[in-house]
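Following: one structure in structure tokens, then a few remarks.
The values are calculated or read from the model by the stated rules, or taken from the named source; none is laboratory data. It should be emphasised that the depicted structure is a prediction, and the values quoted were computed from it without experimental measurement. We place every Cβ from the backbone using ideal geometry, glycine too, and count neighbours over all the protein chains shown. Heads up: the accessible areas ignore ligands, DNA and RNA and are worked out on the full protein's heavy atoms, side chains in. Shrake-Rupley method; radii C 1.70, N 1.55, O 1.52, S 1.80 Å.
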Amino acid sequence: MIAYLDLKNYNRRYEPQLSEAMLQTIRSGRYLLGSQVEEFENAFAAFCGASHCIGTANGLDALTLILRAWVELGVMKPGDEVIVPANTFIASILAVSAAGLTPVPVEPDPCTCTITPDGVAAAITDRTRAIMAVHLYGRLCDMEGLGVLAAQNGLKLIEDAAQAHGASVSSGPLSGKRSGSLGDAAGFSFYPGKNLGALGDGGCVTTDDEELATAVRRIANYGSIRKYVNRYKGCNSRLDEIQAAALLVKLPFLESENIRRREIATRYFAGISNPLISLPPSDAGSAHVYHIFAVHTPYRDQLQRFLLDQGIETLIHYPVPPHRQEAYSEWSQLSFPVTEMLHDRELSIPLNPAMTDSQVDQVIAALNSFRL
Ligand SMILES: *Cc1c(COP(=O)(O)O)cnc(C)c1O
């Protein structure tokens, strides 16, 4: 059986360093707001090429805190609009709602599955204040084009980089820059299955904007400027020392893991050839980090069952689009045909750095033998 992602197997590659880091943290007696978090924040900011990194409890909070901070700083006000992809993990959209702002969904490009400057431009109104660019599956959005559009319209540009740790631009003016440094602020998730995963929940905000960084850090710590002095009606959303210690063990391997992910993707591109299955487009202009390798087929449910019979586990990212969720019943009358088509056809095949070449070849052979 090839599991979609076997985290036990995945994290075993970091033994005994993970256990040692846990032990040291336990013995330190410091579990919050300590040296592991500070060290990780500095290391991750440097990795992304951002001036500031603020650890948070999870990725959803990271995105929410960015927007809440802008509301507190007077950059936007409750009810203002934030443009989001119609086809994203719902957390991107929940963050906008949680900050008291109004998410405005737009259709993605049907090939890249990411939002485009043209699609976003058509949705801008005089209440729009920000664009949430989701680097879905590990593929960067057109950040150059979105950056120009944001500048022309006085909008903030946020990256939802929860699936794109280490993804970098390989051509144009942003060439060489990584996710986390491509907009005004970025939110990352360290959910265990992400490209950089903790041993529980974790997340962070990266930004070059010092005022924003300070506000995010304060809001995430009860809204306090210092202990018992509260400027904002804040919350408690902090990365803890145990998670930071685990992330410090794994961060030095992120780049080589992403390279391995790309190697596996290259093997899939070369090997999978079945007229019933379409592959994602190759990544012109940026280094995709393949958090997810998404194939598309009108026979998705049959293919998923077929692969399972062959001992290959797959997942669907995602089965129900946000505008069809009860949580967003105000959108139930809206129609997003591209988003709906992607949700009907998407199938995520196993791709992670712990896979062997022979497992990858087994997946290829199974996909190639699929018939109606
Ligand atoms: C995982 C994820 C999030 C949320 O991160 P959590 O740490 O699970 O809260 C947000 N956006 C996207 C695109 C994600 O994949």
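Mind ranking 216-222, 351-357, 110-116, 327-333 by how tightly packed they are, going by the mean number of other C-beta atoms within 10 angstrom, highest first?
Values: 216-222: 23.6, 351-357: 17.9, 110-116: 19.4, 327-333: 11.9.
Ranked by mean Cβ neighbours within 10 Å, highest first: 216-222, 110-116, 351-357, 327-333.
Once neighbouring chains are kept in place and the probe is 1.4 Å, which whole percent of the accessible area of segment 254-368 is contributed by carbon and sulfur? Working shown, then result.
Values: 2580 of 5080 Å².
Heavy-atom surface of segment 254-368 belonging to carbon and sulfur, 1.4 Å probe: 51 percent.
The Rg/Rh ratio for segment 7-251, using Cα coordinates for both the radius of gyration and the Kirkwood hydrodynamic radius, is 0.97. The apolar share of the surface of segment 7-251, taken as the fraction of accessible area on carbon and sulfur atoms (1.4 Å probe, ligands and nucleic acids excluded), comes to 51 percent.
Averaged over its residues, the chain has an accessible area of 42 Å² per residue, based on protein heavy atoms and a 1.4 Å probe.
Order 153-163, 224-234, 262-272 from most to least packed using the mean count of other Cβ atoms within 10 Å.
Details: 153-163: 24.3, 224-234: 12.5, 262-272: 16.2.
Those peptides, ordered most packed to least, come out 153-163, 262-272, 224-234.
Legend: calculated FRET efficiency, SER51 to MET341, from the Cβ-Cβ distance at R0 = 30 Å, rounded to 0.05, equals 0.15.
Estimated from the Cβ-Cβ distance and a Förster radius of 41 angstrom, the FRET efficiency linking TYR299 and GLU210 is about 0.20.
What is the packing order of peptides 94-100, 279-285, taking the mean over residues of other C-beta atoms within 10 Å and listing the highest first?
Result, highest mean first: 94-100, 279-285.
Per-residue 3J(HN,Hα) values for segment 40-54, derived from phi via the Karplus relation 6.51 cos²θ - 1.76 cosθ + 1.60 with θ = phi - 60°, read 5, 4, 5, 5, 6, 4, 5, 4, 7, x, 10, 6, 9, 9, 10 Hz in sequence order (x marks Gly and Pro). Between ILE26 and LEU308, the modelled labels are 3.8 nm apart [label points 7 Å from Cα along Cα→Cβ].
Projecting the alpha carbon convex hull of segment 166-286 along each direction and taking the average yields 10.5 nm². Under 5 Å between amide hydrogens, built in the peptide plane, is the criterion, and for ILE349 it picks out PHE293, VAL295 among residues at least 5 positions away or on other chains. Here r is the Cβ-Cβ distance between SER170 and LYS227 and R0 is 41 Å; the resulting FRET efficiency, rounded to 0.05, is 0.35. Taking a straight line from the alpha carbon of LYS156, these lysines sit under 25 Å away, with near neighbours fewer than eight places off in the same chain left out: LYS77, LYS177, LYS233.
Annotation: amide H of GLU81 within the under-5 Å range of THR102, THR128, ARG129, sequence separation 5 or more or interchain, hydrogens built in the peptide plane. With each label modelled as a point 7 angstrom along the Cα→C-beta vector, the SER19-GLU255 pair spans 3.0 nm.
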